[in-house]
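Chemist: To start, I am sharing the structure in question, which I have written as structure tokens.
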Amino acid sequence: MSQPDSASRPAVLVTGAAAGIGRAIAARFAREGWTVGLYDIDADAVARTAAEIGVHTITGAFDVTDAAGWDRALQDFAGATGRLDLLVNNAGILVSGAFGEIDVDRQHRVVDVNVKGVLNGCHAALPYLRRTPGSRVINLASASALYGQPGLAVYGATKAAVRSLTEALDLEWRQYGITVSDLLPLFVATDMMTEVRRGSKSATALGVRLTPQDVADAVWRTASGRGPLRGPHVLVGLQTKLTGLSMRLSPPFMTRAIVGWISKADSLH
């Protein structure tokens, strides 16, 4: 663990920070001068990532499905920083393919990490957030939360749950001065895309147009109040924004038809 040099420096804790989107978010906030807590289930990987980022970092390893692990991580982090300005619930996993062909234990693990992990984090972080004026939570959801996609049924369901939890907590925690938001990107160029392409045709049909840096920049804009935030949900990328707009304006039968067409698009080539 490396210690920050100032308790007055704003502090962010990022889960799933060893690679991909989490790594990009941690690096973005480090460049802005924040103290960054990088936490991941892979202790060696997150330590390497922190060493590469270099400045104002604190590291730790735990499984987000473990509520006691959250308590220990937050005690250590807040003990070093004296504050928690931002919690980024980024850790998540995905399995793709036909729902009936995926082992139910694997599907349960997706629910545990993507839903229970966020729930655990928000619950454990609340006392620290309440003690830090102007604090925020940003949850990484997905455009899959907008409408269920064949091949990504359980993943999309978990992200829809995160979206709903975000809405509720943003309203409930106003009394504490805490803002809760989520980000809904479409497909992002990370290692997770290998699994997406294996079991879902949507990625091939729509393409992968976002990078981890795009998402990290969106997290930074949201956290710093520089984005056009008009509610708790932040659509990331032009393609996602157009998809969201079309779903709001189109009748439900048309949205269903479009999603169905996308899921079959590969078979048309």
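The values are calculated or read from the model by the stated rules, or taken from the named source; none is laboratory data. What you are looking at is a predicted structure, and each value in this text was computed from that prediction instead of being measured. Cβ atoms come from the backbone with ideal geometry, glycine included; neighbour counts cover every protein chain shown.
Chemist: Within segment 10-28, work out how many residues are of a type outside the set (Gly, Ala, Ser) and either under 11 Å from Ala216 (Cβ atoms) or at pLDDT below 95 (or both).
Modeler: Kept after step one, since they are of a type outside the set (Gly, Ala, Ser), are these residues of segment 10-28: 10, 12-15, 21, 23, 25, 28.
Still in the running and either under 11 Å from Ala216 (Cβ atoms) or at pLDDT below 95 (or both): 14, 21, 23, 25, 28.
Number of matching residues: 5.
Chemist: Let me ask another. Among the residues of segment 97-109, count how many are assigned to a helix (DSSP H, G or I) and either in contact (Cβ under 8 Å) with a residue 12 or more places away in the chain or of a type in the set (D, E, K, R) (or both). Quick ask: steps written out before the conclusion?
Modeler: We begin by selecting, within segment 97-109, every residue assigned to a helix (DSSP H, G or I); these are 99-101, 104-109.
From the residues that got through so far, the ones that are either in contact (Cβ under 8 Å) with a residue 12 or more places away in the chain or of a type in the set (D, E, K, R) (or both) too are 99, 101, 105-107, 109.
Result for segment 97-109: 6.
Chemist: Since Leu94 meets every condition but one in (1) at pLDDT 95 or above; (2) under 20 Å from Asn139 (Cβ atoms), which condition does it not meet?
Modeler: Answer for Leu94: the failing condition is (1).
Chemist: Return yes when Asp112 is in contact with a Pro (Cβ under 6 Å, 6 or more places away or on another chain), in contact (Cβ under 8 Å) with a residue 40 or more places away in the chain and buried (at least 16 other Cβ atoms within 10 Å of the Cβ) and no when it is not.
Modeler: For Asp112, the condition - in contact with a Pro (Cβ under 6 Å, 6 or more places away or on another chain), in contact (Cβ under 8 Å) with a residue 40 or more places away in the chain and buried (at least 16 other Cβ atoms within 10 Å of the Cβ) - is not met.
Chemist: For a quick check of your reading of the model, give me the residue pairs whose first member lies in segment 160-177 and is modelled with pLDDT of 95 or more, whose second is exposed (fewer than 13 other Cβ atoms within 10 Å of the Cβ) and not in a helix (DSSP H, G or I), with beta-carbon atoms closer than 8 Å and at least 6 apart or on different chains.
Modeler: Matching pairs, first to second residue: Gly177/Pro133; Gly177/Gly134.
Chemist: Follow-up. Using the structure shown, decide if Asp44 is closer than 19 Å to Ala78 by Cβ and of a type in the set (D, E, K, R).
Modeler: No, not satisfied.
Chemist: I need the helices (runs of 4 or more DSSP H) fully contained in segment 1-96, keeping only those with at least 3 residues that are touching a residue at least 60 places away in the same chain (Cβ under 8 Å) and within 27 Å of Val110 (Cα to Cα).
Modeler: Numbers: elements: 20-31, 43-53, 67-81.
Helices (runs of 4 or more DSSP H) meeting the threshold: 20-31, 67-81.
Chemist: To continue, here is another question. Suppose the filter is buried (at least 22 other Cβ atoms within 10 Å of the Cβ), at pLDDT below 95 and hydrophobic (A, V, I, L, M, F, W, C); does Leu152 pass it?
Modeler: yes
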